[in-house]
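Here the structure is laid out as structure tokens; the discussion comes afterwards.
The values are calculated or read from the model by the stated rules, or taken from the named source; none is laboratory data. Everything numeric here is computed off the predicted structure, so don't read it as measured data. Positions of Cβ are generated from backbone atoms using ideal geometry, with glycine treated the same way; all protein chains shown enter the neighbour counts. Side chains included, ligands, DNA and RNA excluded: accessible areas come from the protein's heavy atoms. Shrake-Rupley method; radii C 1.70, N 1.55, O 1.52, S 1.80 Å.
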Amino acid sequence: MTLEWVGRAENLAIAGPSGTGKSHFAVALAHKAIDQGMQVAWFSLESLTAHVGRATVDNSVAKAIAKITRAHLIILDDIGMLPSGQAAAEAFYRVIDAAYERRSVIVTSNLHPSGFDTIMPKTLATAAVDRLLHHAHIVLTEGTSLRLTQATTGKGVKPLH
């Protein structure tokens, strides 16, 4: 929570089952970074792919990536929830490569980053994960989904009257 690792351009990979607090943890760190005057960029892999795809139309991909990597902390949330094609893998790689040893990246995923080659083209996944994990702290979550637990125990909703 001190975020000293952001000043060192280190990364954070948070992996574990759905509902175990990965995104919640990333949100808390993002709020803390903002409170400390840092800029934060937040994307799902899908929104990042769309953002980079729009920049492809007018040949401004390099400019779009440069803008993203001006943020002190870049968060890529929920990698691995859906299969990722070539465009998603390219967008992911471009951000990781541009941020490498310059900016901190938080990646949350239901997969350990070493398994990203199962959801995106192997060459791009391997290159991105190599850079991501080189200076990374890895947090593995475990347990059952908090959302599912709340749903099955009747918590999380107010009774209808």
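Measuring between their Cα centroids, the stretch 10-63 and the stretch 132-146 lie 15 Å from each other. Counting heavy atoms of the protein chains alone, VAL157 has an accessible area of about 110 Å² for a 1.4 Å probe. Among GLU46, GLU10, GLU90, the sequence by solvent-accessible area, most first, with a 1.4 Å probe is GLU46, GLU90, GLU10. Given R0 = 35 Å, the distance between the Cβ atoms of ALA50 and THR149 translates into a calculated FRET efficiency of 0.60.
The figure for MET1 is an accessible area of roughly 120 square angstrom, using a 1.4 Å probe on the protein chains alone. For the chain, the relative contact order comes to 37 percent (Cα pairs under 8 Å, sequence separation of at least 6). Of HIS135, HIS24, HIS161, the residue with the largest accessible area leads and the full order is HIS161, HIS24, HIS135 (1.4 Å probe).
When nucleic acids and ligands are ignored and a 1.4 Å probe is applied, ASP77 ends up with an accessible area of around 20 Å². When all protein chains stay in place and ligands, DNA and RNA are ignored, the 1.4 Å accessible-area order of SER104, SER47, largest first, is SER47, SER104. Within the listed set THR108, THR149, THR20, the Gaussian network model of the chain (springs between alpha-carbon atoms below 10 Å) gives the highest mean-square fluctuation for THR149. In the chain, helices alone account for a calculated mean residue ellipticity at 222 nm of -13500 deg cm²/dmol, with every DSSP H run of four or more residues adding -39,500 (n - 2.57).
Comparing ASN110, ASN59, ASN11 in a Gaussian network model of the chain, where Cα atoms under 10 Å apart are tied by springs, the biggest mean-square fluctuation is seen for ASN59.
Of the options (i) 1.60; (ii) 0.96; (iii) 1.09, only one is Cα Rg over 2.2 N^0.38 Å as computed from these coordinates, and that is (iii). Each peptide among 64-72, 137-145 gets the average number of other Cβ atoms lying within 10 Å of its residues, and from highest to lowest they stand as 64-72, 137-145. Computed 3J(HN,Hα) for the stretch 139-155, one whole-Hz value per residue from the Karplus formula 6.51 cos²θ - 1.76 cosθ + 1.60 where θ = phi - 60°, is 10, 10, 9, 8, x, 9, 4, 4, 4, 5, 4, 5, 5, 6, 9, x, 9, glycine and proline marked x.
Can you pull the percent of the stretch 1-106's accessible area that's carbon plus sulfur, 1.4 Å probe, other chains left in place? It is 55 percent, rounded to a whole number.
Between amide H atoms placed 1.01 Å from N, distances below 5 Å from SER44 occur with ASP77, all of them 5 or more places distant or on a separate chain. Computed from backbone phi with θ = phi - 60° and the Karplus coefficients 6.51, -1.76 and 1.60, the 3J(HN,Hα) list for the stretch 71-82 is 5, 5, 9, 10, 10, 10, 9, 6, 5, x, 6, 10 Hz; x is used for glycine and proline.
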